[in-house]
Amino acid sequence: MKHKSRRKTSPSSTLTTKDSHSILFWILMAITVFFFLWAPFQRALFNGYNVDFDRPIYSSFVWASILLLVTSLYLFFYYKYRTLRDFFVIYIWLIPLSYLISLIGAASHYYGTNMLYMHMMYATFFILAIYVTNNRLGNTILQYIILLSGYLVVIFGILNWFGNLNIANGIAELFTNLKGLPAYKHAVMSDSNGLRLTSVFQYANTYSAYLIALLFGCMFFIFRSRKWYSVALHALMLVPILVSFLLTLSRGGLVILPVVLLVLLLFFSVERQIKLLLYLGISAVAVLLTIGNITEIGSSLQSSFSPSLSLKGWGVLAAASIIVSVLITLLNRYLTPVLEKTIQKKIKSRYAPVVLPVGAVILGTVAVIILFTDTGITKLLPENIRVRIDNINFQQHSVLERGTFYADSLKLVKDYPVFGAGGGGWAALYEKYQNNPYTSRQAHNFFLQYLVEVGIFGFLIFSVLLGLVLYNYCRNYFKSDKDTKDTKVLYLIILISLLIHSAIDFNLSYAFLAIVVFICLGGLVSSFDTLAAPFTNRLSRWESVLPKIISGGTLVIAIVFITMSIRLLSGNTYYHQAIAEAQQAKPYTEVIATLDKALSMQPNHPDYVDLKQDILMQVFRQIKDPSLEQEAVQLIKDFRKAEPYHRLGVDFQLNFLMEQRNFLEARSVNIEGIEIFPWDIEMYESQMLILYELGNQARLDKNNALTDQYWAEAIELYNVVLAKVKHLESLPEGQLQGREFNVTPAIALYAGQIYYIKGDYTNAESALKHAITDNLEDSFAQTIARWYIASLQKQGKSEDSLKEKLFAANPQEAKNLEELLNAKFD
């Protein structure tokens, strides 16, 4: 008699064999496969918050909206609210909804709108993964394309490292336009640490996170594969992945790798834990023995290409990869049965899978001690990698700077606690809240950046999604047999790898990686069981209507999404067309007409507005038509309503008012500017000039009260600058302060002049001393020196060497100094 399970499976949520032959299924798969090959070569769809990064992202919106349109038709035939996975098809839309709500009070409408559409795209791939991965063929295709597209990225990176630009460019140009560049930009980049491999990402730390995910994904496929040649092919990629990982020079990657390893060990059987550590050990030894040659060869090839040297590099890499592949293939074939037999006989405790991870922690601790002490182990590594490892500590600048980012992000959350500052809130507002003048449009922590953008409301929605998915999957996983576990665990491996590393970096600002994360979440959701009967019974009355409501609602969202995506892409096209017309010296009216089309598609886009105002003001200065100036002024006024924290609006208004010598209104604009950009020294310079001019005009008008008001404000501002300079001196020794911030010559002069005119010669001397230099060739330096010498002489002091240099540089300064000493400032 056969045992019958009480658990019912919903036919609506499980794809049948027939479903994999449907045209909708194959349309979804074809677009997804193409997308996974195309997206990495668009700088992995990095959201850089300016027009340079927009076009690939807007193109991805179009592809995603088409996918959503097809998915809505798919839902019409297959959706029924019977299982947890069907619940998540509805729940996922709360994430874009949280971005829509945060858009109401967003710090930047442009950033917020882009992020709203990006999360609609993520929701689309999440839903697609739920249903596609429920089909055996769909699940297989999706897992292979995730892994194989990663392998392609690794090979592309190594091609660039070994200087094979013809082949690398040929691959890249299948998916992107290199725009005449000799190579994919920054596939190998150089910074203060030396050459760093970034492949398609242009950022080494994110590439290292991606490689960690690929490494463990590749390892899992080795475990799962039943054919020896499949094991061999995947094992062949282990050395290239690990070599690429070291070539990123990512300290964060080196720290996170063992953490991810430890977490993933808990999800493997003891047999697989042993094999994982063994295979990693074999691969690591091969990499340690070859990384020196590979680094040296690659470094030489970046300076000048040599076919023979490149071939030698490939030979070293290929030899190591083949040896490792052969060893792992043989071990996998002959070791697995022995391990299974031994473990089944001798290790029967339910806690057995935990023993090895605990042991790994102990061994890992010993390994870290060995690695970071003078044992000679690190001497096997090239100097640039060894230096990076030796510098891993909690007092080095990247750790200290991240700590500052995190503290500053919490300040921001305090002011936008419930619904957040909108998509891109950190990028729009970080300068207002920063502790010191660093430049970083990314908070270097996905979770904190997400909290900044959508507040507690949106963060709870995402946390509930993540928590429910992981809880339900893990609960089912540890109850399942080996074959059932293997069907979806790749998604867990990649999800955990990317999310853990995203706690210290901005990996998910790459929309491609965010899509991978949401696909993995959807893939895990697809394995969930039927909902409890009482809950489904309550919905039974809606059973015939609900599929139509859900599919219809999805169809409406898809239509809106595709319409807006096309508008965004069209606006970007018009913008680039306007640039081309300007470069071709076409009449400005034609260029402006094209720009107006771009702005009609995406009003108040900062780069579109900037180009238009620049053209209007250039033409105004040539033909003196006041209507052009008025149009530019009105354009910026409207822009500031949508983008109040963008530097473009503040700078334009300030420069315009200064040109008009309208210092009173300029003062108000600059006060706003200092509030938004409190670490921008240029703002303080311009405000000191404004306040000096206002005070001096009031003095000439005999308005002593107004003079005192403006000049007291200027001195207060000068003291703010001094206090901020002192604060920067208190930063931890290893932390970089960021942009320059100090008492500039202009600030010193205006403060010194105010003190001098008011008769406070001691403070005048102190202020002016900040700007004294031996180079007195330019008139500004001479002016500072004159006022400084005068303030000294008023106190009965002198600095003869400076006076002699000043008179030698400009004999007229002797007379100027005498006039200043005798001047009356009543």
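Of His444, His576, His646, the order by accessible heavy-atom surface (1.4 Å probe, DNA, RNA and ligands excluded), from most exposed downward, is His576, His646, His444. Hey, what D do you get for the chain in µm²/s if you plug the Kirkwood alpha-carbon radius into Stokes-Einstein at 10 °C and 1.306 mPa s? D = 52 µm²/s.
Relative to one another, the C-alpha centroids of the stretch 382-459 and the stretch 752-800 are positioned 42 Å apart. Taking max minus min of the alpha-carbon positions on each principal axis, the stretch 402-459 gives extents of 30, 18, 16 Å, largest first. About its Cα centre, the chain has a charge dipole of approximately 5460 debye under the convention of +1 per Lys or Arg Cβ and -1 per Asp or Glu Cβ, with nothing else charged. Model label sites at Phe780 and Thr573, defined 7 Å from Cα along the beta-carbon direction, differ in position by 4.7 nm. Taking the inverse of the mean 1/r over every pair of distinct Cα atoms in the stretch 237-303 gives a Kirkwood hydrodynamic radius of 13.3 Å.
Remark on the stretch 434-578: Rg and Dmax equal 20.1, 61 Å (Cα only). Rg over Rh for the stretch 707-826 works out to 1.02, using Cα positions for both radii and the Kirkwood form for Rh.
Give, in nm to one decimal, the length gained when the segment between Ala580 and Phe175 is fully stretched (0.36 nm per residue of separation minus the Cα-Cα distance). Please report the intermediate quantities before stating the final value.
Values: separation 405, 0.36 × 405 = 145.80 nm, distance 2.30 nm.
Working it through step by step, the gained length comes to 143.5 nm.
Sort out the exposed loop chymotrypsin sites (Phe, Trp or Tyr not before Pro) in the chain (DSSP loop, at most 12 other Cβ within 10 Å) and tell me the longest stretch that has none.
On the way: sites that count: Tyr351, Phe394, Phe478, Phe825.
Between the exposed loop sites, the longest stretch runs 1-350.
Filter the trypsin sites (Lys or Arg not before Pro) in the stretch 618-724 to those in DSSP coil with at most 15 other Cβ atoms within 10 Å of their Cβ, and list the result. Mind showing how you got there, number by number?
Working: sites: Arg621, Lys624, Lys637, Arg640, Lys641, Arg647, Arg661, Arg667, Arg699, Lys702, Lys724; in loops: Lys624, Arg661, Lys702.
Here the sparse-neighbourhood loop sites are Lys624, Arg661, Lys702.
Please report Rg over Rh for the stretch 612-735, where both radii come from the alpha carbon positions and Rh follows the Kirkwood definition. Checking Rg against Rh, the ratio lands at 1.07. Binning the C-alpha pair distances of the stretch 118-228 at 5 Å intervals from 0 yields a P(r) profile of 2, 10, 16, 17, 18, 15, 12, 7, 2, 0 %, listed from the shortest bin outward. Separation of the alpha carbons by more than 21 angstrom is noted, of Lys597/Lys637; Lys702/Lys824; Lys726/Lys803; Lys432/Lys769; Lys637/Lys724, for Lys726/Lys803; Lys432/Lys769; Lys637/Lys724.
The base-10 log of I(q)/I(0) for the stretch 427-488, evaluated at q = 0.15, 0.25 Å⁻¹, reads -0.64, -1.00 [Debye formula, identical scatterers on Cα atoms, solvent excluded]. Its DSSP H runs of at least 4 residues, each contributing -39,500 (n - 2.57), put the calculated 222 nm mean residue ellipticity of the chain at -24500 deg cm²/dmol, to the nearest 500. Dipole size of the stretch 668-826 about its Cα centre, with +1 on Lys/Arg Cβ and -1 on Asp/Glu Cβ: approximately 460 debye, rounded to the nearest 20. In this structure the amide hydrogen of Leu195, modeled in the peptide plane, comes within under 5 Å of no amide hydrogen from residues 5 or more places off or on another chain.
A convex hull fitted around the alpha carbon atoms of the stretch 500-653 yields 202 Å³ per residue.
Report the relative contact order of the stretch 153-256, percent, no decimals, based on alpha-carbon pairs under 8 angstrom and at least 6 residues apart. RCO, the stretch 153-256: 27 percent.
Protein heavy-atom accessible surface, 1.4 Å probe, per residue over the chain: 44 Å². Computed across the stretch 616-678, the Kirkwood radius stands at 12.2 Å (inverse of mean 1/r, all Cα pairs).
Straight-line reach from Lys341: taking Cα to Cα under 28 Å and skipping same-chain neighbours fewer than 8 places apart, the lysines in range are Lys227, Lys275, Lys479, Lys482, Lys485, Lys488.
Per-atom-type breakdown for the chain gives carbon and sulfur 61% of the accessible area (1.4 Å probe, protein chains only).
Within the P(r) computed for the stretch 781-826, what percentage of the Cα pairs occupies the region above 15 Å?
Here the tail beyond 15 Å accounts for 36 percent of pairs.
Relative contact order for the stretch 395-510: what is it in percent, counting Cα pairs under 8 Å that are at least 6 residues apart?
Working: 110 pairs, mean separation 35.0, N = 116.
That works out to 30 percent.
Rounded to a whole number of µm²/s, how large is the Stokes-Einstein D of the stretch 212-344 at 4 °C and 1.567 mPa s, given Rh as the Kirkwood radius over C-alpha pairs? Write out the running numbers ahead of the final one.
Details: Rh = 15.8 Å.
Stokes-Einstein gives a translational diffusion coefficient of 82 µm²/s.
Could you work out the relative contact order of the chain, using alpha carbon pairs under 8 angstrom and six or more residues apart, expressed as a whole percent?
That works out to 17 percent.
The alpha carbons of the stretch 704-773 occupy a box of 48, 26, 17 Å along the principal axes, longest dimension given first. Exposed loop sites here mean GluC sites (Glu not before Pro) with a DSSP loop assignment and at most 13 other beta-carbon atoms within 10 Å; the chain contains its longest site-free run at 174-542. Think of the chain as having a plus end and a minus end, set by charges on the Cβ of Lys, Arg, Asp and Glu; of Val231, Phe457, Asn293, Val231 sits farthest toward the positive end of this dipole.
The values are calculated or read from the model by the stated rules, or taken from the named source; none is laboratory data. As the structure is a computational prediction, the values presented were derived from the model and not from experiment. Heads up, the Cβs are rebuilt from the backbone with ideal geometry, glycines too, and the neighbour counts pull from every protein chain shown. These accessible areas exclude ligands, DNA and RNA; they are computed on the full protein's heavy atoms, side chains included. Shrake-Rupley method; radii C 1.70, N 1.55, O 1.52, S 1.80 Å.
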